[in-house]
Amino acid sequence: MTARDEEQQERRRPGAVLYVYTWDLALAILALFVTLAPFAGAVQSSSGAKALPFSAQIVEAVAYAAFAATLIIVASLLTRRHAWIRTVQIGTFVTQIALAAVSEVVLAVSGNSAGLPGLLGTLILALLDVLAIVIMTDRRVVSWYDKPSAVPVYVWATLGIWVAGSSVNIVLDAVFH
């Protein structure tokens, strides 16, 4: 393959992936801001502010930091053609939607839901994630990510830390609210 052939293939890269890249970075920035939130030391519940143990603050902060790291890693690799990148991108968005839905249900059951504004915010984020998933399943995008390779260990590690930490956070939400 010549340099000219590679250049022509680069021109055929699906432009819709730019939305996914932008959404990844926007979510990563939001996640980095949310990483600092647990260090406020308390959580607001329907009965007032409740102290949050330092260990819970650390778990929550690490979970959000791992989520931001996952998004940054995947966003930085979106221009490469490895098939695992598309799969991890879709898996990340699906997992985020699932974790948000479970979290909203737990908060609603415990009586500490953020109400309609919080639910609408979660719904808007989920719909934007669904749009990114639809883009990543488009025929042109699927054909772009055509090089088979294994998912690197560091990606599995950040995903695992994020999912485990978020799961613990959901349990803590149920306990401390």
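The values are calculated or read from the model by the stated rules, or taken from the named source; none is laboratory data. As the structure is a computational prediction, the values presented were derived from the model and not from experiment. Here Cβ is always computed from backbone atoms with ideal geometry, including for glycine, and neighbour counts include all displayed protein chains.
From the list Tyr154, Tyr145, which one is of a type in the set (Ser, Thr, Tyr) and in contact with a Lys or Arg (Cβ under 7 Å, 6 or more places away or on another chain)? Break it down stepwise before answering.
Working: Tyr154 fails: in contact with a Lys or Arg (Cβ under 7 Å, 6 or more places away or on another chain).
From the options Tyr154, Tyr145, the qualifying one is Tyr145.
What are the residues in region 60-72 that are of a type in the set (Val, Ile, Thr) and surrounded by fewer than 20 Cβ atoms within 10 Å (Cβ to Cβ), if any?
Going through region 60-72, the residues of a type in the set (Val, Ile, Thr) turn out to be 62, 70, 72.
Val62, Ile72 - these are the residues of region 60-72 that are of a type in the set (Val, Ile, Thr) and surrounded by fewer than 20 Cβ atoms within 10 Å (Cβ to Cβ).
Anything in region 136-170 that is in contact (Cβ under 8 Å) with a residue 60 or more places away in the chain and over 21 Å from Ala68 (Cα atoms)? List them, or say none.
Selection gives Asp138, Arg140, Val141, Trp144, Tyr145, Asp146, Lys147, Pro148, Ser149, Ala150.
Name the one entry in Glu60, Glu6 that is in a helix (DSSP H, G or I) and at pLDDT below 80.
Values: Glu60 fails: at pLDDT below 80.
One residue alone meets the criteria, Glu6.
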